[in-house]
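Working notes, beginning with the structure itself.
The values are calculated or read from the model by the stated rules, or taken from the named source; none is laboratory data. Here the structure is a predicted model, which is why all the values come from computation and not from measurement. Cβ placement follows ideal geometry from the backbone for every residue including glycine, while neighbour counts extend to all protein chains displayed.
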C-alpha cells in the first residue's frame, strides 16, 4: 500500500513538472501581456516596459521559470497583476467558494443520483426506468453554461426566487472567517448571511450538478443491474435473508464501487464545469478567477490556478484509487 | 467496533466545531437600515485604496468618496472649481502655483489639513524612490514625467518643490510652465492623504520582488483622506468595499450612513442585480438596456460625453497608400458617421469633428468636417491612384468601452461604408488585450478603432496623448511639425493665446495631418433605483455620493 502511494506521488511530481513547463511556455506566448491589460488605452511602450520590468516579465522565459519555481516551492505564488493581491490570498478566498459550490453540486448529484439509479434498476424496463433514462440523457447533453443561463434567466430574473449572481449580498455585511460563506454564517451565528449564501449557491450548484447527476444515475443503474444478477445475490435470497439486508449489504455496497470511481472522475469535471458555472453566475471562485485571469493576462494567477487544478485532479484520482481498498477488501488484499 | 468509530468521529467533529465557533465572532457593525445604506454595483474591484497607484475608474470611484484634491470640478460639469484649495493662482511665467487652502478641514484620523499636508503629499510623490512605486504611480508620471531620482526610463520632472508659506497657503514650484496645470491638480491620483496616516502605515513601501508584490497597509487597510466618506473595510472574498459617513467633513455631510461598492464584473449581472433589488445602482448600463431600465422605473442619468472614438489610420502599415493624405481624406469622406451615431450609438451621442469634446479648451468650430460624400471619396482615391485600396481593419471583441459600447457593430457599419467607396476591407477581430497589443506594438494593421475618456480638462490630455509624439498605431513617427505644434500650444501660459494655439492645432490636425478620423462622442449612462435622489452625473464619471439619499 505504502509503495503504491509513494510511486503515485512520484508520478504526480513528474506530471506536474511537465505541465508547469508547458503552461509557462503557453502563457508567455499569449499575445498582449499583463502590462497592456493593466494599462488599457494608456499602454504606451515606455509604460509597458516599466511595468514588465517591475514584474520581471522582461527577463528570458527560462529565468522567469526558474524564479517562479523557486518561489512557488516556498509557497509564494506571486501577486496578481489584475487585483494586485497575493495570489495565495486570492485563492484562499476563491477556493472555498469553488469547494462550496462543488460540494453542493456533488451532494445534489449523489443524493439524488444514487437512489434514482437504484430505483431505475429495480424497475428495469418499466415506464419509471424509461423516464429516468430519458431524463439523464437530457441531463448529460445540456451544456453547463446553457443550463446556467436558462436557470438564471428563468428562476432568478423572471421569477425572482433566487439571486442571479454572486456569492452573497453585499448589504448583509457578513463576517468571513473561513471564506466558506455558508459555514461562516453558521459559525458567527449570522443566520441570515448563511441563508443568503446558501440561496446564492442553489442555482449554480444545480447547473453544475446536473451532468454528474445524470452520469451517477446511469452508472448506479447499470452497476445495480449487474449486481442483481450475481450469484451471491441469488444465494442470499435463497438463504432467506431479509430483502432490506440484501439490498443494502450486498447489492448496494457492491454496486457502489464503479459509482465511487465515477464520482472521482466527476470531481475533475466539476472543476472544469466550475469555470463555466462561475462565469455565468459571476460567482467568485477559482473558475471565475481563471476566466478573468486569461482576459487580464494575469500570469501569476494563471500559473497558480492551473497548477492547483492539476494537483487537485491528480490527488483526487489517487484518493479514488485508495478508497477502493476501503470499500472493497479484495483490493486491499492484492 | 463500528459504533465506537462513529462515536469517536462525532466527538471529534463536535470538538472542532466548538473550537472554531469559539473564535468566530460576528464583526457586523451597527444597525442596518435600508434607507441609509447604498450598495453600488462596480464593474471591477478597487485595486488599491491609495489613488497614487491607481489607473482605473473603479478604483478612482471609491477613492473619490474618501479623498479630495486641490482642485475639483463643478458638479455635473468638467469645469474646474475649488476643491481643498479655495483659490489658485499661477505667477507670470507659470512656474509657481499658489493655493489658498480651505480652513477647518480635518482628515479622517482627526489631524488637520493644511499647507504642510499638501506639501507633504506632493513631496512624497516626487520622492517615491522604489522602482515598483514609480512604475505604478502612472498618473503622477503622466503629469510630472519623472521623479527626483528616476528608477526607470522616465523624463526629467518639472517639479522643484512645495512651500507652505503660511498655514493655509501652499506654493508648488515648477521648472517650467506646462499646459496641463492647473487642470491636472484635479486628478484623483493627486488626492491629498493624511501625512500622519501615511507615515504610520508606511504608504510608500510598495514591496516588489519578481512577480511578488505588495502594497503597504496604508493602501489596503488605512486610507485616510478628507472626503465625505471614510474607509471601513474591504471584504476581499465578497469583493465589497464598505465606507461610512465622515461626520467631521467640512462640507455638505453625507446623507447616507453607509456606502458599499460591490464588484460585479459582468454588465448583464449588474443589471439583473439591480432588477433583483440587491444593488441600488450601477455604472455604464448597456445602451441596449436603456429603455427597459426606464420602463421598469429605474432612473437613468445620461452624462455629457467626455470621450472620443476615432478611427486610427496607420501610415506605416501594410497598405502603403495610407501615407497619402488624400487617401486618408477619402476614408473620412466615405464614413457615414451621422448614420452610425443615429443607429448604433446611445441616445445623446454626437459625431466628433475633432479629437476632443467641445467642453475642452481649444475646441475649434471651423475645422474641416468631412461630410459623408461617396463621390468625393472615390475621386480622392482616384486622384491618389489608390482605387484598388485594400485595408486590414482591426477591431476588438469581448469588450465595451464608454466611447465604444459595441465595437463589432461599429466596425460593421464603418466597414460597409468603406466598401461602398470601393475600398476592400479585410476584417481582423481580436480580444481586447491582444487587440491593444496588435495595434500599439506591431505594424500589421491599417485601420483600428480606439478612443479615450478624458482624465482632466486640458487639450494636452487629448491631442497630446494621441498625437504629441510618434505612435506605432498611427505610424506617425515622422510627423515632426505636428509634435512641435502641440508642444508649443502646451507651453503657452496666457489662456486666450493658449486657446487659439490649440484651435490652430485642431484645424491642422483635421486638414493637414489627419492621422485618424474622429468618429463620435458617446455619453455614458449611470442608473439607480427610482427612489434615489441627489445623484449628479459627472462627465468625468466622478460622481460623489455625499449628496445622494433615498426619498
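Out of B:283, B:289, one residue alone is assigned by TED's automatic domain parsing to the domain that holds residue B:262, in contact (Cβ under 8 Å) with a residue 24 or more places away in the chain and under 26 Å from residue B:61 (Cβ atoms). It is B:283.
Could you tell me whether segment A:220-236 includes any residue that is under 22 Å from residue B:39 (Cα atoms), in the same structural domain as residue A:269 (by TED's automatic domain parsing), crowded, with 18+ Cβ neighbours inside 10 Å and in contact (Cβ under 8 Å) with a residue 24 or more places away in the chain?
No: zero hits.
Looking across segment A:147-163 at every residue that is under 15 Å from residue A:198 (Cβ atoms) and assigned to a loop (DSSP other than H, G, I, E, B), the one that is nearest to the other protein chains (Cβ to nearest Cβ) is identified as A:163. With the condition kept exactly as written, say whether any residue in segment A:70-82 is at the interface with chain B (Cβ under 9 Å from one of its Cβ atoms), assigned to a helix (DSSP H, G or I) and within 17 Å of residue B:47 (Cβ to Cβ). Scanning segment A:70-82 turns up no residue that is at the interface with chain B (Cβ under 9 Å from one of its Cβ atoms), assigned to a helix (DSSP H, G or I) and within 17 Å of residue B:47 (Cβ to Cβ). Across segment B:127-177, the number of residues qualifying as surrounded by 19 or more Cβ atoms within 10 Å (Cβ to Cβ), in a helix (DSSP H, G or I) and touching a strand residue (DSSP E or B) at 6+ places or on another chain (Cβ under 8 Å) comes to 2.
Under the condition of being more than 9 Å from every other protein chain (Cβ to nearest Cβ) and within 26 Å of residue A:271 (Cβ to Cβ), which residue from segment A:56-69 is farthest from the chain's Cα centre (by Cα)? Checked segment A:56-69; the qualifying residue farthest from the chain's Cα centre (by Cα) is A:65. Each residue in segment A:186-219 was checked for being without any contact (Cβ under 8 Å) to a residue 12 or more places away in the chain and either assigned to a helix (DSSP H, G or I) or at negative phi (or both), and 4 of them qualify. Within segment B:293-315, the set of residues being surrounded by fewer than 16 Cβ atoms within 10 Å (Cβ to Cβ) and touching a residue at least 60 places away in the same chain (Cβ under 8 Å) comprises just one member, B:297.
Please indicate, with yes or no, whether at least one residue in segment A:87-102 is away from every other protein chain (no Cβ under 14 Å) and either under 29 Å from residue B:439 (Cα atoms) or in contact with a helix residue (DSSP H, G or I) (Cβ under 6 Å, 6 or more places away or on another chain) (or both). Checked segment A:87-102: at least one residue is away from every other protein chain (no Cβ under 14 Å) and either under 29 Å from residue B:439 (Cα atoms) or in contact with a helix residue (DSSP H, G or I) (Cβ under 6 Å, 6 or more places away or on another chain) (or both). Applying the criterion of at least 3 residues that are crowded, with 21+ Cβ neighbours inside 10 Å, in contact (Cβ under 8 Å) with a residue 24 or more places away in the chain and out of contact with any helix residue (DSSP H, G or I) (no Cβ under 9 Å at 6 or more places or on another chain) to the helices (runs of 4 or more DSSP H) found wholly in segment B:454-547 leaves an empty list.
Among what's in segment A:263-291 and is surrounded by fewer than 22 Cβ atoms within 10 Å (Cβ to Cβ) and at pLDDT 85 or above, pick the residue that is nearest to residue A:322 (Cα to Cα). Residue satisfying both the conditions and the ranking: A:276. Scanning segment B:43-83 for residues being assigned to a helix (DSSP H, G or I) and under 13 Å from residue B:542 (Cα atoms) gives a total of 10.
Total residues in segment B:425-453 satisfying the condition of being farther than 26 Å from residue A:293 by Cβ and free of Cβ contacts under 8 Å to residues at least 60 places away in the same chain: the figure is 3.
When A:208, A:201 are checked against the criterion of being within 20 Å of residue B:265 (Cα to Cα) and away from chain B (no Cβ under 13 Å), a single residue qualifies: A:201. Looking across segment B:419-436 at every residue that is part of a helix (DSSP H, G or I), in contact with a strand residue (DSSP E or B) (Cβ under 9 Å, 6 or more places away or on another chain) and surrounded by fewer than 22 Cβ atoms within 10 Å (Cβ to Cβ), the one that is nearest to the other protein chains (Cβ to nearest Cβ) is identified as B:434.
For segment B:273-292, a residue qualifies if it is buried (at least 21 other Cβ atoms within 10 Å of the Cβ) and over 11 Å from residue B:40 (Cα atoms), and the qualifying residues are B:285, B:287.
Condition check ((1) within 12 Å of another protein chain (Cβ to nearest Cβ); (2) closer than 14 Å to residue B:138 by Cβ; (3) crowded, with 16+ Cβ neighbours inside 10 Å; (4) under 29 Å from the mean Cα position of the chain (by Cα)) across all residues:
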{"residue": "A:11", "(1), (2), (3), (4)": "no, no, no, yes"}
{"residue": "A:14", "(1), (2), (3), (4)": "no, no, no, yes"}
{"residue": "A:18", "(1), (2), (3), (4)": "no, no, no, yes"}
{"residue": "A:33", "(1), (2), (3), (4)": "yes, no, yes, yes"}
{"residue": "A:50", "(1), (2), (3), (4)": "yes, yes, yes, no"}
{"residue": "A:54", "(1), (2), (3), (4)": "yes, yes, yes, no"}
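Summed over segment B:393-418, the residues that are surrounded by fewer than 18 Cβ atoms within 10 Å (Cβ to Cβ) and assigned to a strand (DSSP E or B) give a count of 1. For the residues B:201, B:122, B:218, the requirement of being surrounded by 18 or more Cβ atoms within 10 Å (Cβ to Cβ), modelled with pLDDT of 95 or more and touching a strand residue (DSSP E or B) at 6+ places or on another chain (Cβ under 6 Å) singles out B:122. Name the residues in segment A:26-55 that are touching a helix residue (DSSP H, G or I) at 6+ places or on another chain (Cβ under 6 Å), within 23 Å of residue B:154 (Cα to Cα) and assigned to a loop (DSSP other than H, G, I, E, B), would you? Answer for segment A:26-55, where residues must be touching a helix residue (DSSP H, G or I) at 6+ places or on another chain (Cβ under 6 Å), within 23 Å of residue B:154 (Cα to Cα) and assigned to a loop (DSSP other than H, G, I, E, B): A:32, A:43. If residue A:316 satisfies every condition in (1) within 30 Å of residue A:85 (Cα to Cα); (2) at pLDDT 85 or above but one, which is the exception? All conditions pass for residue A:316, except number (2).
Any chance segment B:251-259 includes a residue that's within 14 Å of chain A (Cβ to nearest Cβ), in a helix (DSSP H, G or I) and crowded, with 17+ Cβ neighbours inside 10 Å?
Scanning segment B:251-259, I find no residue that is within 14 Å of chain A (Cβ to nearest Cβ), in a helix (DSSP H, G or I) and crowded, with 17+ Cβ neighbours inside 10 Å, so the answer is no.
Among the residues of segment A:197-209, the one identified as within 17 Å of residue A:138 (Cβ to Cβ) and surrounded by fewer than 24 Cβ atoms within 10 Å (Cβ to Cβ) is A:206. The residues listed here are B:213, B:246, B:181; of these, the one that is within 14 Å of another protein chain (Cβ to nearest Cβ) and touching a residue at least 12 places away in the same chain (Cβ under 8 Å) is B:213.
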